[in-house]
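Below: the structure, in structure tokens.
Each reported figure results from applying straightforward, stated rules to the coordinates on display, with no laboratory input. Keep in mind it's a predicted model, so treat the numbers as computed, not measured. Here the Cβ is made from the backbone with ideal geometry for all residues, glycine too, and neighbour counts use every protein chain on show.
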Amino acid sequence: MDKRKEINTHCLSCYNVKIMDALVKKIVVGALGGFLSAVVVDFGKWKATPDLKFNWALALKNWVAGAVTGALAGLGVEQL
């Protein structure tokens, strides 16, 4: 009986690891997608106006915001 309980506990922990692994992958993919989208938009805006100096501080804020938004979307949070 103890052996069966040990096997069931082991299988449950493997199942939890698989769920967490899938969730972490969704968060990371969402964060990367949001970050890259923000980078593309910022560099596109910068290239469209050649006399404009690139504002790194604003760009970094946009990139972080894009990554956070993407991570939340990966979690399944659609609207805040």
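Side notes on the structure shown:
- DSSP-loop chymotrypsin sites (Phe, Trp or Tyr not before Pro) across the range 14-80, with at most 16 other Cβ within 10 angstrom: PHE54
- In nm, spacing of pseudo-spin labels at VAL39 and VAL24 (7 Å Cα→C-beta vector): 2.2 nm
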